[in-house]
Structure formats: structure tokens, C-alpha cells
Amino acid sequence: MHDSQTLQNPKSQISNRDIRILLWDIDGTLMRSTVQGGYKKYFTSVMQKVYGHAGNLDGIMPSGMTDTQIIYESLRGEGFTPEQIFARKAELLEVFKTEMTRVLAQNGEPFEILTGVREILTETDKNPRFINALLTGNLSVAAEIKLKSVGLWHYFENAPNAFGEISHDRNDLAIEAGKLFNERYEFAFPPEQFIVIGDTPNDIACARAFGAKVVAVETGRGQSSEKLLENKPDFLLEDLSDTKKVLEVLQTL
């Protein structure tokens with residue numbers, strides 16, 4: 001792998017060593033559904049079609065989980081292993097896209113972008129120091145559907161994104177994100193050049209497992225500042241509404 005400071009720099013005005021890679025969570029950070037629990041309509045259909053069971057889906061608290069973890073935790077009581085879940089990954093992605101699209105068209109699950117998100121993505125997108133990418137528990141097909149619905153997909157569609165089909169363990173996603181960036185840009189970005197932005201303790205744990213910095217936001221359902229602070233993020237923000245403040249925080253890391 002090349003070690004030149006400027007080789008393959010995606011934003012050539014600045015040294016690779018000064019780049020900060022922003023790894024954004026989706027649900028509760030960038031956007032959310034206005035129908036709490038609406039995801040169950042398409043998850044149930046997908047799991048029945050692909051695995052033959054919906055299992056204990058109603059008993060799962062999905063906040064901070066990857067989609068594959070939700071499926072595994074729902075089906076483990078039926079004897080499913082993670083290996084069995086991932087053995088049908090190609091079928092899962094195909095059916096998930098079909099069923100999610102169908103359910104949203106028929107029943108609707110209105111999504112809303114969270115305050116300040118569009119503004120901070122616009123600013124970081126044009127700032128040569130930052131690269132935006134996704135680190136999300138969503139399957140790739142779900143992430144695209146959701147972000148297109150609120151006009152945000154173009155910020156991420158060409159990035160080396162880490163999606164939920166990589167692993168059922170969220171901690172694996174940041175490690176994989178590092179590998180994806182190093183391969184894409186042929187440069188060994190160290191973990192401390194990555195900043196995870198998320199709304200749950202799992203996002204913080206995921207960043208720490210990789211060695212990344214982490215900014216937590218208090219915009220997730222069922223999360224509290226106390227719970228987030230217990231996990232020691234580098235910064236805790238109430239939300240992303242103050243673009244100048246958010247930029248200042250990101251520039252300090």
C-alpha cells in the first residue's frame with residue numbers, strides 16, 4: 001500500500017494525513033421513521049420468505065443493531081446460527097429490497113430528515129478535510145431506499161460504505177470501513193482519522209473497537225444523555241442543528 005501523503009487523495013488540496021473520514025449512522029442520526037416500529041411490516045415478510053420464520057421479531061429492541069443482528073436475534077430461538085443467516089445473504093438482499101419497496105408503497109412509512117443534517121452534510125461535502133461515508137446497521141438496499149426518500153443518498157452513493165450485511169456484529173463494521181477506505185484510496189488511513197457519528201452506545205462501542213473517534217448525538221429514540229455519556233464519546237451533541245458548532249467539533253478531532 002502506498003504511503004505518499006498525496007497519492008490517491010480524494011480531495012487533493014489537502015494531505016491524506018489531514019483528512020478526517022466521517023462515518024455516519026442513519027437511523028436516529030441522519031433521519032428516522034415517523035411510524036415507530038414500522039420496519040416490522042417488511043422485516044416480517046422478508047424473514048418469512050427467506051428463512052421461513054419471523055421468530056421473535058416483536059420482542060427485539062432494534063436500536064443500535066445491524067439488520068442482520070435483528071434477524072439473527074429474532075431467529076436464534078428457532079435454531080438459526082449467524083452462519084445460516086449469512087448463507088442466504090444474496091437472497092436476503094434481493095427479497096428485502098422488493099418487500100421494503102412494496103410495503104412502503106402500499107402502507108407508507110414516512111421518513112423525516114433530522115434537524116441540521118442536510119446543512120452539515122453540505123458543509124462537510126465541500127470541505128477538503130472531510131470525506132462522508134456510511135457506517136450503518138442497515139442493509140445496503142435499505143440504506144439506499146431510506147436516504148433516497150429524503151434526498152441524501154447522493155452524499156454517500158460513491159463512498160466506501162460499511163453496511164449491515166458485512167456482519168451481525170456492529171463492532172466489525174468500523175474495522176471493515178477502515179479496510180474499505182485503505183483499499184479504495186491506496187493509503188493506510190490510521191483509525192484515529194475516522195470519526196463515527198451515531199446515536200446509540202453501540203455506535204460508540206463500534207468506534208472504540210476500531211480505534212476511531214466518536215461523536216454521539218441525542219437524537220435517537222430511547223436514548224439518554226446519561227446512557228451515552230457512560231460510554232465516553234469524544235463529544236456529545238444534543239443534535240446537529242448548529243452547523244458551525246458541529247463543524248468545530250469535527251475539526252478538533
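The values are calculated or read from the model by the stated rules, or taken from the named source; none is laboratory data. Note that the structure is predicted; figures quoted are calculated from it, not measured. With ideal geometry, Cβ positions are generated from the backbone for all residues, glycine too; neighbour counts draw on all protein chains shown.
Conditions: (1) modelled with pLDDT of 95 or more; (2) among the hydrophobic types (A, V, I, L, M, F, W, C); (3) closer than 24 Å to K227 by Cβ. I60 meets all but one. Number of the miss? I60 satisfies all of (1) modelled with pLDDT of 95 or more; (2) among the hydrophobic types (A, V, I, L, M, F, W, C); (3) closer than 24 Å to K227 by Cβ except (1).
Quick grid of which residues meet (1) in contact (Cβ under 8 Å) with a residue 24 or more places away in the chain; (2) out of contact with any His (no Cβ under 9 Å at 6 or more places or on another chain):
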residue	(1), (2)
D58	no, yes
S63	yes, yes
T66	yes, no
T81	no, yes
A90	no, yes
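With respect to G116, is the statement that it is surrounded by 14 or more Cβ atoms within 10 Å (Cβ to Cβ) and farther than 15 Å from Y39 by Cα true? Spelling it out, G116 is indeed surrounded by 14 or more Cβ atoms within 10 Å (Cβ to Cβ) and farther than 15 Å from Y39 by Cα. Restricting the range 226-243 to residues that are in contact with a strand residue (DSSP E or B) (Cβ under 9 Å, 6 or more places away or on another chain) and among the acidic types (D, E), the residue that is farthest from L121 (Cα to Cα) is D234. The number of residues in the range 106-149 that are among the basic types (K, R) and closer than 20 Å to F181 by Cβ comes to 2.
For E248, indicate whether it is at pLDDT below 95, more than 19 Å from the chain's Cα centre (by Cα) and under 22 Å from N16 (Cα atoms). Taking the combined requirement at face value, the residue does not satisfy it. Residues in the range 49-91 that are within 27 Å of R221 (Cβ to Cβ), surrounded by fewer than 16 Cβ atoms within 10 Å (Cβ to Cβ) and hydrophobic (A, V, I, L, M, F, W, C): M61 alone.
If we keep just the residues of the range 170-190 that are within 16 Å of A205 (Cβ to Cβ) and out of contact with any helix residue (DSSP H, G or I) (no Cβ under 7 Å at 6 or more places or on another chain), which is surrounded by the most Cβ atoms within 10 Å (Cβ to Cβ)? Checking each candidate, the answer is A177. Taking the range 122-146 as the range and being in contact with a strand residue (DSSP E or B) (Cβ under 9 Å, 6 or more places away or on another chain) and either without any contact (Cβ under 8 Å) to a residue 40 or more places away in the chain or not assigned by TED's automatic domain parsing to the domain that holds F156 (or both) as the test, only D125 passes. All conditions in (1) of a type in the set (D, E); (2) at pLDDT below 95; (3) in a loop (DSSP other than H, G, I, E, B) hold for E165, with the sole exception of (2). For the range 147-186, residues that are over 13 Å from the mean Cα position of the chain (by Cα) and free of Cβ contacts under 8 Å to residues at least 12 places away in the same chain total 4.
Applying the selection to the range 209-232, what residues are crowded, with 18+ Cβ neighbours inside 10 Å and either more than 18 Å from I26 (Cα to Cα) or hydrophobic (A, V, I, L, M, F, W, C) (or both)? Matches in the range 209-232: F210, A212, V214, V215, A216, V217, L228. Residue pairs whose Cβ atoms lie under 9 Å apart, sitting 6 or more positions apart in sequence or on different chains, and linking a residue in the range 240-253 that is surrounded by fewer than 16 Cβ atoms within 10 Å (Cβ to Cβ) to a partner that is of a type in the set (K, R), are Q251/R20; Q251/R129. Going through (1) acidic (D, E); (2) surrounded by fewer than 17 Cβ atoms within 10 Å (Cβ to Cβ); (3) under 15 Å from the mean Cα position of the chain (by Cα) one by one, D199 falls short only on (2).
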